[in-house]
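Here the structure comes first, spelled out in structure tokens, and everything after it is commentary.
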Amino acid sequence: MKKCLLLVAVIAAVIISCKTGKPVASYTDMSVPVRGFCIVAPQPRTVDSFVHFINTELAPRSVNTLVLRVDFNYQYTSHPELRDSIALSKEDVKKIVAACKANQIKVIPQVNLLGHQSWAGTTYNLLKKYPQFDETPGVFMPAKYQWPNADSLYCKSYCPLHPDLHSIVFSLMDEICEVFETDAFHAGMDEVFYIGDSKCVRCSGKDKAVLFANEVSVLRDHLAETKKELWIWGDRLLDGHSTGLGMWEASKNFTWPAIDLVPKDVIICDWHYERADKTAVYFAMKGFNVITCPWRNGAIANKQLTDLVAFRNESTVDMKPRFRGMMQTVWTGNSNFLKGFYAEKSDTIRGGKTEWNCFRQLYTAIDKLK
């Protein structure tokens, strides 16, 4: 019955197309509107290899959204002190933009904001150059990092209430959106463990959910001034206690009530890597547009895809469009991914579960929806 209804919809679309001259939406377009791929931006020396991957692998699979985690891998002119020592030039970025335009792929740059201002024993550029923005200046970076540790240090956060912070952050956002010629920006904001620290002179004693929601709103409102969308990861908006999802895929530091305070036009990237948790329904019921994000487990990715199609087919008219699609996430380096992908390397430690195999499996399954 559902297939018959889908066929009727397609026939109707063809009739409309003949009258209007507009292209017909495919089954895939209707079942999985956003078909995404998220990866760290390439280094300058591998831009051409990545452009080749866009043209020969992403485009043929009908990928239509590319989230590039740029952070400080760009030669910013607004704040050149924040550039990585080796960073993409404007010309490098334009090669990527041109490839995406040619293949009708929307490119969305990401700069990690709020959390992920450090990793292991390394402090990233924002807090390195502006240590006054550190939410936890009394926590020092270890010579040898390990988890767990006495300071509960996973990644540093900036203080969202520092009066000088946002003028710098906004400049980075504006510049990176302009060079990528985009109407959307991904702010990360996942796995924020340091927020509302008891020793922070500005944040101490404040509601952590309110602090988180206000930072999302500040970033969203700035982008809205130029009609751009804000995308974020969704884990801080989930209750890690009641759901059993834990402190990584959800929050155990009381940020989850922010879900009722965050503007509803923020796009939520809902990531779950070991189970096909049904939290996309929760986000959609709260009024958000949500994108489901797998990682390295192809079986889980295919289950998430099956769920997505079911959610869209079996939801109300109001809920259906909120299930926006799927986005493969990659957490290894750009060049490492390409090497693994083209060599079809297997991960024997993880039973063959790799990001490139998951990518192939997910998009093979999406292709079967056509």
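The values are calculated or read from the model by the stated rules, or taken from the named source; none is laboratory data. All of these numbers come straight from a predicted model, not from anything done at the bench. Cβ: placed from backbone, ideal geometry, glycine included. Neighbour counts: every protein chain shown.
Selection over segment 185-197 of residues that are in contact with a helix residue (DSSP H, G or I) (Cβ under 8 Å, 6 or more places away or on another chain) and among the small types (Gly, Ala, Ser) gives a count of 2. Exactly one residue out of VAL201, VAL192 is part of a loop (DSSP other than H, G, I, E, B), surrounded by fewer than 19 Cβ atoms within 10 Å (Cβ to Cβ) and either touching a strand residue (DSSP E or B) at 6+ places or on another chain (Cβ under 6 Å) or of a type in the set (A, V, I, L, M, F, W, C) (or both), and it is VAL201.
Would you pick out the residues in segment 238-255 that are surrounded by 23 or more Cβ atoms within 10 Å (Cβ to Cβ) and more than 19 Å from PRO294 (Cβ to Cβ)? Listed by number, the residues that qualify are SER251, THR255.
Exactly one residue out of TYR273, TYR194 is more than 17 Å from the chain's Cα centre (by Cα) and modelled with pLDDT of 95 or more, and it is TYR194.
Screening the candidates SER152, SER157, SER118 for the property of being in contact with a Cys (Cβ under 7 Å, 6 or more places away or on another chain) and among the polar types (S, T, N, Q) yields one hit, SER118. So for segment 283-303 (the condition being within 19 Å of the chain's Cα centre (by Cα), in a helix (DSSP H, G or I) and within 18 Å of HIS186 (Cα to Cα)), does at least one residue qualify? Yes; the residues of segment 283-303 include at least one that is within 19 Å of the chain's Cα centre (by Cα), in a helix (DSSP H, G or I) and within 18 Å of HIS186 (Cα to Cα).
From the list ASN336, ASN253, the one residue that fits, being more than 21 Å from VAL34 (Cβ to Cβ), touching a Lys or Arg at 6+ places or on another chain (Cβ under 8 Å) and either part of a loop (DSSP other than H, G, I, E, B) or free of Cβ contacts under 8 Å to residues at least 24 places away in the same chain (or both), is ASN253. Count of segment 304-318 residues, restricted to those that are touching a Phe, Trp or Tyr at 6+ places or on another chain (Cβ under 8 Å), among the polar types (S, T, N, Q) and in a helix (DSSP H, G or I), is 0. Taken over segment 155-179, the criterion of being farther than 12 Å from ASP134 by Cα, crowded, with 19+ Cβ neighbours inside 10 Å and in contact with a helix residue (DSSP H, G or I) (Cβ under 6 Å, 6 or more places away or on another chain) is satisfied by VAL179 alone. Can you spot a residue in segment 225-232 that is within 23 Å of GLN110 (Cβ to Cβ), basic (Lys, Arg) and in a loop (DSSP other than H, G, I, E, B)? Scanning segment 225-232, I find at least one residue that is within 23 Å of GLN110 (Cβ to Cβ), basic (Lys, Arg) and in a loop (DSSP other than H, G, I, E, B), so the answer is yes.
If you go through segment 256-299 and pick out every residue that is acidic (Asp, Glu) and surrounded by fewer than 19 Cβ atoms within 10 Å (Cβ to Cβ), you end up with 3. ALA102 - would you say it is at pLDDT 95 or above, surrounded by fewer than 13 Cβ atoms within 10 Å (Cβ to Cβ) and of a type outside the set (S, T, N, Q)? Answer is yes for this residue. Within segment 29-43, residues that are touching a residue at least 40 places away in the same chain (Cβ under 8 Å) reach partners that are surrounded by 20 or more Cβ atoms within 10 Å (Cβ to Cβ) and among the small types (Gly, Ala, Ser) with beta carbons closer than 7 Å, at six or more positions or on different chains, in the pairs VAL32/GLY325; PRO33/GLY325; VAL34/GLY325; ARG35/GLY325; GLY36/GLY325. Here THR65 meets the list (1) at pLDDT below 90; (2) under 20 Å from LYS370 (Cβ atoms); (3) among the hydroxyl-bearing types (Ser, Thr, Tyr) almost entirely, failing just condition (1).
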